[in-house]
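Let me begin by presenting the structure, written as structure tokens, before commenting on it.
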Amino acid sequence: GDDVCDERDKDLSKYAPPIVFDMTTSSIPFWGLKAAQLQNQPIPEDVAIDAHGNGTTNPHDVEALLPFASHKGSGLSLLVEYLTGPLVSGSFADRGDCHENFGNLVVAVDPNLFGNGETVLRETAELMERIRKAKPKEGADRVYLPGDRSREKRQLADQVQEIGLSDSLWSALLELKRGTCSSA
């Protein structure tokens, strides 16, 4: 949740919620691929290849997801693969149990290491607010920071005490409960 500060830092959390940046270096997230497989929906062009190295929009034929931003994205992907694989003893590049040991790296920064922690947090909150107040692109209602949409969805789910599931996801969960779930 948002309460990640220890007791001595509770008063500093008044400035802004933590910045939560969770991203993939592939053109679409793995769980986006899984959702497309569950819903039998095509994926966008130029985001994945099949077993023969050809582009595919069929989520069931995907052998690998392609990195975003071409060669620059592949460099970032290699760095992330290192940080979430060998560095933390996670599976990587089809080595190890990639179905159970995803490998995760969480980076938490103590703002006090960079000077006065309260000043760092106050200026971070100001930076975040300035970005949020920027003029949104045409057709958008506002500018979001990483984690904003997820935080809003979580807050709404907490208020109404429910989450929305697609019919296909609900069916898959029921199959999983019965022990009849096919590997999607």
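The values are calculated or read from the model by the stated rules, or taken from the named source; none is laboratory data. This structure is a prediction, so every number in the text was calculated from the model and none was measured. FYI the Cβ positions are ideal-geometry reconstructions off the backbone, even for glycines, and counts take in every protein chain you see. Surface accessibility is based on the protein's heavy atoms, side chains included, excluding ligands, DNA and RNA. Shrake-Rupley method; radii C 1.70, N 1.55, O 1.52, S 1.80 Å.
Structure values in brief
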item	result
Residues that are open to solvent by less than 80 Å² (accessible area, probe 1.4 Å), out of contact with any helix residue (DSSP H, G or I) (no Cβ under 6 Å at 6 or more places or on another chain), at pLDDT 95 or above and not hydroxyl-bearing (Ser, Thr, Tyr), drawn from the range 34-61	44, 47, 48, 49, 51, 53, 55, 58, 61
Conditions (1) at pLDDT 95 or above; (2) open to solvent by 50 Å² or more (accessible area, probe 1.4 Å); (3) more than 30 Å from residue 132 (Cβ to Cβ): number failed by residue 71	(1)
Restricting the range 94-150 to residues that are outside any loop (DSSP other than H, G, I, E, B) and among the β-branched types (Val, Ile, Thr), the residue that is farthest from residue 64 (Cα to Cα)	119
Of the criteria (1) among the basic types (Lys, Arg); (2) under 25 Å from the mean Cα position of the chain (by Cα); (3) surrounded by 10 or more Cβ atoms within 10 Å (Cβ to Cβ); (4) over 30 Å from residue 59 (Cα atoms), which one residue 122 fails	(2)
Subset of the range 151-168 (residues that are exposed (fewer than 12 other Cβ atoms within 10 Å of the Cβ), assigned to a helix (DSSP H, G or I) and among the polar types (S, T, N, Q))	155, 159
